[in-house]
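Have a look at the structure below before the remarks.
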Amino acid sequence: MANSLSAFFAQNAKKVDNQFVIASPRFVDQNNEPVRWEICCITADENVRLRKECMRSVPVPGRRGQYTQEFDAMAYQSKIAARCTVYPNLNDAELQASYGVNGAEKLITTMLSAGEFEDYSAKVLGLNGFSATEELVDEAKN
């Protein structure tokens, strides 16, 4: 059996379908049914960009002028959750205004309770191929 690179061509790669999840039972439609949120997958390249945005320089204690890089896991979690949310549109100015916030990341962390946000983030990370939030945080620390 001959190996063929055609399986790796972009047009032959299977796409990751968007998923519909219930982020919170508190958001209901006219029939009092929970409204499903739509989430999507991002590329590894986009993930790298998000991760870089969450790196910050912090001074090394006792070493004047020296800095080390630190990863802000909570900022990353809110960025990837907001970026992967297709519906509701977290960039909608009217929706943000109803919560008194600016920005998709701030909106999603304001809309959802702490536990809802953690569960939702786990669903987003799962769709993107991560097996668990703890593994992602551990990976980021190394």
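Give region 46-82 a look and list any residue that's within 17 Å of Leu107 (Cα to Cα) and hydroxyl-bearing (Ser, Thr, Tyr), or say none. Within region 46-82, Tyr76, Ser78 qualify.
Scan region 100-118 for residues that are outside any loop (DSSP other than H, G, I, E, B) and of a type in the set (S, T, N, Q) and jot them down.
Step one: list which residues in region 100-118 are outside any loop (DSSP other than H, G, I, E, B), which gives 104-111, 114-118.
Selection gives Thr109, Thr110.
For a quick check of your reading: which strands (runs of 3 or more DSSP E) sit entirely within region 27-99 and have at least 3 residues that are exposed (fewer than 12 other Cβ atoms within 10 Å of the Cβ)? Quick ask: steps written out before the conclusion?
Values: elements: 37-39, 55-59, 67-71, 85-87.
Output list reads 55-59, 67-71.
Residues that are touching a residue at least 60 places away in the same chain (Cβ under 8 Å) and of a type in the set (D, E, K, R) are absent from region 59-81.
A short reminder: the numbers here are calculations on the coordinates, not readings from a lab. Everything quoted here is computed from the prediction, not taken from an experiment. FYI the Cβ positions are ideal-geometry reconstructions off the backbone, even for glycines, and counts take in every protein chain you see.
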